[in-house]
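One structure below.
What follows is calculated from the coordinates using simple rules that are stated; it is not laboratory data. All of these numbers come straight from a predicted model, not from anything done at the bench. Heads up, the Cβs are rebuilt from the backbone with ideal geometry, glycines too, and the neighbour counts pull from every protein chain shown.
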Amino acid sequence: MKYLKFLLVGIFFGIVLVKSEAVSWFRIYEMFRFQSFHMYGIIGTAIATGLLFLQISKRKHLKNIIGEQIDAPKKEEGFIRFIVGGSIFGLGWALIGACPGPMYILLGTGIYSMIIVIIAALLGTFIYGILKSKLPH
Amino acid sequence: MEFILNPWPWYISGPLIAFVMAILLYFGKTFGMSSSLKTMCSALGANKISDFFKFNWKDQRWNLTIVLGAIIGGFIASQYLSNDIPTDLNPTTITELQQMGFENPGATLVPNEIFSLESLTSIKPIILLIIGGLLVGFGTRYASGCTSGHAITGLSSLQKQSLIAVIGFFIGGLIMTNFILPLIFKT
């Protein structure tokens, strides 16, 4: 059962995002209207804790279970892809109030119309794959 | 039990999300939810059409397992770990949304006006769901990451590309919420 640990991580992730209200469409609206600190608090403390973890890992040379140094994957070079791709994602995030994780989690909470969103997101991913060579990165 | 059933404060939730990132790095994987969409495309046959999807998707089954877990986690949290306390939104937010025609802002996780099954009998909510999904799917792959990959993992590891991507998330999000949503929900 090498997948069991990932199933448990997923369950934990789903519970945390529901209980933190990060899956709430209304919380995302409120965030982009700068009317609440809640989402900024969540993202800010997540980054601060993550930063602390990665700095400790680096200094103490912490290894992962396959014996490699723990480090975050390096992003590709580029500018346009991040600013334009990011903005396109941001438009969708604010419209449906869900980024990819919450799309699945909300489906689990019984929001069945998320299936339409997920299928459309698969289609969007597919369209990117087709157009990739024609887009500036 | 009360503190479990009530909504969790941000200063508890944020570190718990960082824990998810940390444990996945410890398992030799990464925290990136949008990658699951690419994996599913490949598994569904997109690898026969575009090189972008030509990789052994079976190596990514761990990521699909997380997706399955996330769905189960959503179910458990909503069924067994929640009370019916509405989201404690800013009163200004509630008034604004009511003026846009949303009936009970914060009473549910998502507005019934867009997501309820009854709403799917009219065309507008369906179009919004499809456009939203397309933007998220296309945008995350173009930017090669979403909130988990860029905002959490990328910024935690001080990568400039992720900062640019997160600035992009906010450009798009601010435009949608402040300029486009008011046009879509004009009353």
Using the structure shown, list the pairs from A:K58/B:K48; A:K5/A:K74; A:K132/B:K124; A:K75/B:K48 with a Cα-Cα distance above 32 Å, or answer none. A:K58/B:K48
Expressed to two decimals, the stretch B:11-69 has a Cα Rg over Rh, using the Kirkwood radius, of 1.09
Loop-only check: which GluC sites (Glu not before Pro) in the stretch A:23-132 are DSSP coil with at most 14 other Cβ within 10 angstrom? A:E68, A:E76, A:E77
Which of B:T153, A:G67, A:V23 sits closest to the plus end of the dipole of the protein assembly as shown, meaning its Cα is farthest towards the positive end, when Lys and Arg get +1 and Asp and Glu get -1 on the C-beta? A:G67
Alpha-carbon gyration tensor eigenvalues x 5, square-rooted, for the stretch B:89-143, Å: 24, 16, 9
Please work out the FRET efficiency for the pair A:R59 and B:I12, using the Cβ-Cβ distance as r and a Förster radius of 22 Å; give the result to the nearest 0.05. 0.25
Please report the equivalent ellipsoid semi-axes of the protein assembly as shown, computed as sqrt(5 x eigenvalue) of the Cα gyration tensor, largest first, in whole Å. 28, 24, 19
Restraint check, A:K134/B:K38; A:K63/B:K29; A:K60/B:K38, Cα-Cα greater than 24 Å: A:K60/B:K38
14 Å beta-carbon shell around A:F13, net charge (K/R +1, D/E -1): +3
Evaluate E = 1/(1 + (r/R0)^6) for A:E68 and B:L163, where r is the Cβ-Cβ distance and R0 equals 25 Å; express this FRET efficiency to the nearest 0.05. 0.45
Under a Gaussian network model of chain B whose springs join Cα atoms within less than 10 Å, the largest fluctuation of B:K48, B:K38, B:K29 belongs to B:K48
Cα Rg, Dmax (largest Cα-Cα span) when computed across the stretch A:64-124, Å: 15.8, 42
Report the equivalent ellipsoid semi-axes for chain A in whole Å, largest first, defined as the square roots of five times the eigenvalues of the gyration tensor built from alpha carbon atoms. 26, 22, 19
Rank B:S116, B:S34, B:S162 by mean-square fluctuation in a GNM of chain B with C-alpha springs under 10 angstrom and give only the top-ranked residue. B:S116
Label B:Q79 and A:L4 with points 7 Å out from Cα along Cα→Cβ: what is the distance between them in nm? 2.1 nm
Rounded to the nearest 10 degrees, what's the angle between the helix B:160-175 long axis and the longest principal axis of chain B, both from Cα atoms, 0 to 90? 30 degrees
Binned at 5 Å from zero, the C-alpha pair distances of the stretch A:1-73 give percents of 3, 13, 14, 17, 19, 15, 10, 6, 2
